[in-house]
Structures are given as structure tokens and as C-alpha cells.
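Worksheet: the structure to be examined is printed underneath.
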Amino acid sequence: MSEETSSLDVLIVGAGISGISMAAHMRKLCPGLTFAMLERREALGGTWDLFRYPGVRSDSDMHSLGFRFEPWIHDKAIADGEAIRAYLQRVVVERGIDGHIRFGTKVLSADWRAAERRWHVTVEDAQGWHALTCRFLYLASGYYDYDDPHDAALPGLENFAGEVIHPQFWPAGFDYAGKRVVVIGSGATAVTLVPAMTDEAAHVTMLQRTPTWMAARPSRDIWANRLRRWLPGKLAYWLTRQKNIRLHRLFFRKARAEPGEAAGYLTGKLQEELGEHYAPEHFQPPYGPWQQRLCLVPDSDFFTAVKSGKAAVVTGEIARFEADGVRLTNGELVPADVVVTATGLRLALGGKIDISLEGERIDFSRHWFYRGCMFSNVPNLAVVFGYLNASWTLRADNTADYVCRVLGKMGKRGADVAVPHLPEDHGMAEDDIIVFSSGYLQRAKPMMPKSAAALPWRLNQDYLEDCRDFRTRPVDDGVLRFERLADQAAEAA
């Protein structure tokens, strides 16, 4: 294993939205610090480079999924994957980030050495294994496993004579023209795939175990496009962003406080969209709105596909797969030539990197979230874990800004270490941060760090509350401790 002698101030793992946000913030707020961004793939974009299935698009409006420092200027607010990748590429080039990215480089492990005040990081690229060191480690690798999606253990899948595809690994140029397609699942991926495949497929069926709440909205934000004509671009973007964030928050809080009323409203809208094609067994979930993430249907494309007869929804339990389709427990056979298993993600905190302190592996489930990005008694480490009820980028931007302020405070104090200190007798009670019934989140509970009922020891799900906290609570809040190696050496002498 080769050793690189130069030590970085900050090592960013991941060149998706989170990593790009951190790099952009560093270029602006910490111009004197050195950093590199390591990306295991051969292109930037993270999720938006990985997912290439038909119709892939944002499930949040781009005025909140976009960076707060870089206006989204496209006509469509609900954007496809290609437009999002182009936006990220522009940010990287215009801000001089591209020269800091090392593609094809996978981070395997990171060990904190207290005597050196450095992370020793092992990476792998085409030339083999290498050792790097850095002062601060920033994990921007997303929150799900790129290699192993959730295995739904579909019974008898090996008996199916057609082709089976998982959306996470969509083959380039796959031809489904004239074929009968069954998409298994009812989340955002399935709701996106179904209308996108009806243009060429003979027929597309969404096979679901339980329905999901859906809501239609235009892919174009009329007010955003008007404001761009009337006002300076940055002001128009800010106003649109604030509008969308606040409206989204209002409906989320309303849905959680009065689920019956919210369900009635959404049901009414679904009935208007589908007319005679509305059936409660297919569109009436057994849980309240926003107990799981609401599925966005831009321009009503999913509903249009159902009404046209090119697509259908089937609700039921799978008994087994047969050579020519899927047999349900009620005896019905859903015929298929192609099966798409949109059955969910598997969460992976920190990109599956083996992270340790002095050689002892960190069990994050035994640590507490601090300021939504750091962990109790773990030095010089931050992770981006986006909102579950809003755009991922909202927390990514907040986290990047905060960590840059931590780095600035370390510089002013001449500190080598910033660590959220939590004594053993803290007395805090753990609060459930997974307030959603989604399967992928429930499955991830055992691996998640702890969260308290109140800030700063909480992974909050309220963006505006977090913004107030970052504005009013100082970086030097008495919890985050700053240490200097020189001071400790003097005390030891």
C-alpha cells in the first residue's frame, strides 16, 4: 500500500449533491484550507449518476433540491436526471471544484489517531490501495447502499422465464418495446417508471401490496417562471424557494396533526384525477398521509397512463412467480415478459466505510447525533443525512455551512480537534427519529445513531427550526469542545 505524504485539511467522501455543496462552501468560506473529494464512480452526481431507469426525475421541486447558492433556472421545476446532472456539472466547473475530485476512488476505512490529530484513510483505485491523512473527515456518500438494494425475497422468482431488472441497476439500452411489464412496488420509483414505460411497452402493470398516497402537481412552477421575468434571478429563486419550503412544511404539519382531514383532501383530488378509474383498494392507503413519503405525480402522468388503459394498478399479495407472470394469493395471474423490482432501498450510514477510533470500530448506534451531522465524542467527523420529509439538499447546505464555521473556529483558536462532548451521566432520553412507517426506514432503525427530544442532540425533521438554531446557537456552544495538541503536550510536560 502506497503512502501519500501530503495531509489534507478536509477529505470529502462522495461527489453527489452533499459533497458538491461542501466543496462549494469550502471554496467560499474556507479558501485557505486544502481539500479533496473522493468519488468511487467515474462521474459526479451520486444518485443522479447511478439511477438511469426510464423517466428518472426529482421527487422534490428543484427550487429546494437545488443549492441555495445556485439558482435553478430551467423551465421545469420537476426535473429529469439529465437536467440535474447538467446543473451539478455547472456548479462544479464554475466554482473550480472539478480539480479537487478524484474519480474511481473508493474509501475503505478511516481510523482516528489521537496522538496525530489525523484521520488515517485507506482508499482503493485502479492502481491499488493508498493511505491518506486528513484533519477532518466529511462523509457525503448518501444514506443508502449503492451495491445491495433491499431484497424483498420474492417467492419463486427463479421460475420466471422473462427478464428481471432492479431500477438501481438499469441496463443501458434495455429494449422493452412491445413487452408486458410488471413493476413491483408503489413508491416514487414505481410511480415514475410506469408512465415512462408506456410509450414503448405493450402494457405496464404496477403490482403493489399496499397503496401509497399520491399527489399531482405541474412540473412547471408558474410563479417561479414569472418571478424570473420580473425580478433579478437570485431574488426570484430565493422567493420561490421560500414559498415552496413553507407550503410543503405547512401541508406536512397539517397531515401529521389532522390525518383524517388531509386524507380526505388527497382522496378528493385522486377521485378528480382518475374519475371512474378510481378504486379505494388501489389508491386508499392503510395509513395517514405523510406517515410515509408522499409520491409526487408531475403533470398527472401516472393518472393519464392509467386512464388511457396503457397502465394498470393491481393490489395483492404475491403467492409465487411462474414462467409467464406473477400469481397472486387470490389466484389471479398478472402476465409479464419483464419484471421490474422497485421494492426499495437498503440504508447504509457513511458509505459502508469501516470507521474507527484508535483501531476500535465505531458503532454509530451507540452515539448521539449532534447538530444533525456530528456524533457524540467522535472528533473531526461529520456526515450528511438529509431530511426524510423534505428535500435532501436543505440539510446538505445547512451541514456544509455549519462545518465550515466549525473549521473557521478551529483556525481562529489554533485547535486541532472539534468534538461534541457528552458525559456518560448525560441523563438524556432517546427519542424516535424514524417517525415514518416506510419499510426501508424501519429496517434501518438498529443501525441509526441515537437522537434526543431536543436540539442540539437531535436529528431534526424541521428545516426552518434547524435554520433558526444554526443562526442563534453559536458554534462555540459549550458542547462542542476545541482542543489543541500543543496545549496537551505542555500539560504532559
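The values are calculated or read from the model by the stated rules, or taken from the named source; none is laboratory data. The structure displayed is predicted, hence computed values, not measured ones. Please note: Cβ atoms are built from the backbone with ideal geometry, for glycine as well, and neighbour counts cover all protein chains shown. All accessible areas refer to the heavy atoms of the entire protein, side chains included, with ligands and DNA or RNA removed. Shrake-Rupley method; radii C 1.70, N 1.55, O 1.52, S 1.80 Å.
A few comments on the model shown:
- Residues being touching a residue at least 40 places away in the same chain (Cβ under 8 Å), touching a Phe, Trp or Tyr at 6+ places or on another chain (Cβ under 9 Å) and open to solvent by 20 Å² or more (accessible area, probe 1.4 Å) - total across the stretch 116-132: 2
- At least 1 residues being among the aromatic types (Phe, Trp, Tyr) is the threshold, and among the helices (runs of 4 or more DSSP H) wholly inside the stretch 180-288 those reaching it are 222-230, 233-257, 259-274, 280-283.
- Total residues in the stretch 349-367 satisfying the condition of being touching a strand residue (DSSP E or B) at 6+ places or on another chain (Cβ under 8 Å) and either among the small types (Gly, Ala, Ser) or assigned to a loop (DSSP other than H, G, I, E, B) (or both): the figure is 9.
- Filter pass, Asp151 being farther than 25 Å from Glu332 by Cα and not basic (Lys, Arg): no
- Residue check, Arg27 open to solvent by 60 Å² or more (accessible area, probe 1.4 Å) and of a type in the set (Lys, Arg): yes
- Exclusive hit being within 23 Å of Val191 (Cα to Cα), buried (at least 17 other Cβ atoms within 10 Å of the Cβ), in contact with a Leu (Cβ under 7 Å, 6 or more places away or on another chain) and not aliphatic (A, V, I, L, M), set Asp49, Asp59: Asp59
- Close pairs from the stretch 391-417: first at positive phi, partner in a helix (DSSP H, G or I), Cβ under 8 Å, at least 6 apart: Gly414/Ala486
- When residues of the stretch 447-481 are limited to those that are of a type in the set (Ser, Thr, Tyr) and touching a residue at least 24 places away in the same chain (Cβ under 8 Å), the one least open to solvent (accessible area, probe 1.4 Å): Ser451
- Scan of the stretch 36-89 for residues that are closer than 24 Å to Asp148 by Cβ, touching a residue at least 60 places away in the same chain (Cβ under 8 Å) and assigned to a helix (DSSP H, G or I), ordered by number: Thr47, Leu50
- Residue match in the stretch 214-221 (condition: surrounded by 20 or more Cβ atoms within 10 Å (Cβ to Cβ) and of a type in the set (Asp, Glu)): yes
Residues checked against (1) hydrophobic (A, V, I, L, M, F, W, C); (2) over 30 Å from Leu381 (Cα atoms); (3) surrounded by 18 or more Cβ atoms within 10 Å (Cβ to Cβ):
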position: Tyr138; (1), (2), (3): no, no, yes
position: Ser141; (1), (2), (3): no, no, yes
position: Tyr144; (1), (2), (3): no, no, yes
position: His150; (1), (2), (3): no, no, yes
position: Pro171; (1), (2), (3): no, yes, no
position: Val181; (1), (2), (3): yes, yes, yes
position: Gly185; (1), (2), (3): no, yes, yes
position: Thr189; (1), (2), (3): no, yes, yes
position: Thr205; (1), (2), (3): no, yes, yes
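- Residues being among the aromatic types (Phe, Trp, Tyr) and part of a loop (DSSP other than H, G, I, E, B) - total across the stretch 308-348: 0
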